[in-house]
Amino acid sequence: MTERIKTIDEFAKHVDYSLLESLNCDPQATQDGNDHNPRQVFSGHYVPVTPTPLTSPKYIAHSETLFAELGLDDSLATSKAFTQLFSGDMSAVPAPMKPFGWATGYALSIYGTEYTQQCPFRTGNGYGDGRAISIVEAVLNGKRWEMQLKGAGRTPYCRGADGRAVLRSSVREFLVQEHMHALGIPTSRSLSLFMSESDSVDRPWYREGSHSYEPEVMVENITAISTRVAPSFLRVGQIELFARRARCDEHEHARDELKAIVMHLIEREYAKEIDTTAPLEEQVIRLAELFRDRLTNLVSQWVRVGYCQGNFNSDNCAAGGFTLDYGPFGFCEFFEADYQPWTGGGRHFSFLNQPIAAQKNFDMFCRSLMTLLEENSAQLSQLNAINDGFSGVMERAMESMWATKLGLASYDHDLLIKLLQLMLRTGVDYNMFFRELSSIPEDMASLTKSFYYPPKAEVMTEWEAWLQSWRERIEKDAEAQGNQTNAIATIAENMQQANPKFTWREWLIVPAYKAAEKGDFTQIHELQNILTAPYDEQSEEVENKYYQLRPLEFFSAGGVAHYSCSS
Ligand SMILES: Nc1ncnc2c1ncn2[C@@H]1O[C@H](COP(=O)(O)OP(=O)(O)OP(=O)(O)O)[C@@H](O)[C@H]1O
Ligand SMILES: [Mg+2]
């Protein structure tokens, strides 16, 4: 085994800017990255920006799993040079690293409608990474990664805001990215988390114990910087930005810039599957097909674990097909089809509407690619067909996910619909129910553990009937495989790999970030351990604390059941 990287000097040897440099830098940018006021960026793919360091940075946590994958030694995380760099101070980085990072512009579509009014100039030229700054690209253990600080201060896209992320949202994003990875769901990853011991910013939030829907007060919050890592941070919105410009010939390089960003996306996210020597049009068609596969699979996996992204705009939809931007997300505990933790999110981004929200983003993606194919009608119709096929592919992904979740060899529509209706009528904890079902119980006794209140006798009779018909299907599937007892045990094992035991429960996260505000990180570390082994049976102590229904007092509690501000 090769030695793990122990210093930033060694780390710097793995840095590689070549792909970034194949893109266009904003011609109006300063060359030193001192570019922190809102302004319009008319062209180019990125803007050099220096992060604004946290004052008195304090180490909170790093991901041991990701460190191992990247070949980084755990001791590096608490070293002085690492702390300095990943809390936003690039002034002392060793060559060939540059003392500045970069931010990128992107466009915004909400549920399939293009917007520019969120940009302070109303043109879309001032919208993009307002507080996310990539600081490096590196090839580690044979794989290329981009590292991005979130909350590292203002960029030209900051829209007049402070460029900061508060400790609460940073802890949430840091923990959940590794949780999602452990759940087997494609995601940006967490490298490290630092907080400031002195800086704070104000954010609207809830009073202690509040049941208000909207926040009532401005609260002073400690700032933090989390570093996330992904093959790229390219978003659907980014492709859209360049397509919008190309479509109306906004400047002489607009078409070339669109072409370059699409080629860049292929290189960064699809290089293994797409032959980059093929004609561009062919690559574009393949790209659409592959992204459709990834996106439909992603969203079906979200539903598998009860995840709701909350704000699935095109600018929060990674073009590499993984989960990105954990702001107003939540995990469904009490099952509701339209579960939505973000007060600004609306039903269109709610839990079981996510397949449609994804389709809207995919449509924007295809519309952007069309701009590249305008002269080629055969390929345009191919792209249209791929776009039109989205709902079918999505449906199959969902059906296959539900079949796996229910331990069935094939999807059974009637069985699923009946189950969902019963769950809705009863008031069931989504993940606990499916986990209990994974033991393939003979009767309802263990399943009622996941019920928030006892159902009426007639509903209970329906439950029993459902359980029997489900078990009959399982037994039939098992019979088809020969030895029935062994086959049932295997089905149960597979179900336990599809239905996690320990998932995100917001009311158990809140105390962890509150303790962190007081300098106590033990709960964050404990959660790191628990949430990165979500399918395992853990100790009795962990079970008693974390495998629990949401207590009544947290229903409709501001900042727990819902939140208005994610930043
Ligand atoms: N405090 C802030 N300062 C500057 N820009 C901000 C701030 N908060 C959000 N933004 C910007 O507002 C836009 C919408 O915010 P949104 O909550 O979707 O993203 P985010 O959580 O900041 O970032 P990301 O999508 O990179 O995870 C983004 O372009 C984001 O960069
Ligand atoms: Mg965002």
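At Ala492 and Arg247, where each label point lies 7 Å from the Cα along Cα→Cβ, what is the point-to-point distance in nanometres?
It works out to 5.5 nm between the two label points.
Quick check: net charge around Arg304, other residues with Cβ under 13 Å of its Cβ, Lys/Arg +1 and Asp/Glu -1?
That sum, taken over residues with Cβ under 13 Å, equals +1.
Over the range 240-401, what is the mean sequence separation of C-alpha contacts under 8 Å (at least six apart), divided by residue count, expressed as relative contact order in percent?
Reported relative contact order: 25 percent.
Determine the per residue accessible area of the chain with all protein chains present and a 1.4 angstrom probe, expressed in square angstrom.
Result: 38 Å² of accessible area for each residue.
What is the packing order of peptides 298-307, 480-489, 329-338, taking the mean over residues of other C-beta atoms within 10 Å and listing the highest first?
For the peptides 298-307, 480-489, 329-338, the packing ranking is 298-307, 329-338, 480-489.
Dipole size in debye (nearest 20) for the range 8-233 around its Cα centre, Lys and Arg Cβ +1, Asp and Glu Cβ -1?
340
Check which residues have an amide H placed less than 5 Å from Arg235's amide H, if you skip close sequence neighbours.
Amide H neighbours of Arg235, under 5 Å, 5+ apart: Ala319.
Take peptides 147-159, 446-458 and line them up by average Cβ neighbours within 10 Å, highest first, as a rough protection proxy.
Result, highest mean first: 147-159, 446-458.
For Lys418, which lysines qualify as cross-link partners when the Cα separation must be under 20 Å and same-chain residues fewer than eight apart are set aside?
Excluding near neighbours in sequence, the set is Lys405, Lys449, Lys456, Lys476.
Place +1 on the Cβ of every Lys and Arg and -1 on the Cβ of every Asp and Glu in the chain, take the dipole about the Cα centre, and give the residue among Ser87, Ile356, Pro534 whose Cα lies farthest towards its positive end.
Farthest towards the positive end: Ser87.
Starting from the amide H of Val136, placed 1.01 Å from N in the peptide plane, find each other amide H under 5 Å away whose residue is 5 or more places distant or on another chain.
Hits under the 5 Å cutoff: Met147.
State, in angstrom, two size descriptors of the range 133-242 derived from its alpha carbons: Rg to one decimal place and Dmax to the nearest whole number.
Every Cα atom of the range 133-242 included, Rg and Dmax give 16.2, 50 Å.
Would you work out what percent of the accessible area of the range 406-498, with all protein chains in place, is carbon or sulfur (probe 1.4 Å)?
Looking at the range 406-498 in its full context, I get 50 percent from C and S.
Normalising by the residue count of the chain, find the relative contact order in percent from Cα pairs under 8 Å and 6+ residues apart.
Reported relative contact order: 14 percent.
Given +1 on the Cβ of Lys and Arg, -1 on the Cβ of Asp and Glu, and no further charges, what dipole in debye does the range 406-498 carry about its Cα centre, rounded to the nearest 20?
260
Where Rh is the Kirkwood radius over the Cα pairs of the range 240-401, the temperature 10 °C and the viscosity 1.306 mPa s, what D in µm²/s does Stokes-Einstein return?
96
Going Cα to Cα from Lys518, which lysines come in below 24 Å? Please leave out same-chain ones fewer than 8 positions away.
Lys58, Lys80, Lys150, Lys545
To the nearest 20 debye, what charge dipole does the range 240-401 have about its Cα centre, counting +1 at the Cβ of each Lys and Arg and -1 at the Cβ of each Asp and Glu?
Computed about the Cα centre, the dipole is about 280 debye.
Sorted by mean Cβ packing within 10 Å, highest first, what order do the peptides 547-555, 500-508 take?
500-508, 547-555
When 1/r is averaged over all different Cα pairs and the result inverted, which Kirkwood radius in Å belongs to the chain?
Kirkwood hydrodynamic radius for the chain: 24.8 Å.
Quick check on the chain: helices-only [θ] at 222 nm, where DSSP H runs of length 4 and up contribute -39,500 (n - 2.57) each and the sum goes over total residues. Nearest 500, please.
-13000 deg cm²/dmol
The values are calculated or read from the model by the stated rules, or taken from the named source; none is laboratory data. Values in this document were obtained by computation on a predicted structure and should not be read as measured data. Backbone-built Cβ (ideal geometry, glycine too); neighbour counts: all protein chains shown. Only protein heavy atoms, including side chains, enter the accessible area calculation; ligands, DNA and RNA are left aside. Shrake-Rupley method; radii C 1.70, N 1.55, O 1.52, S 1.80 Å.
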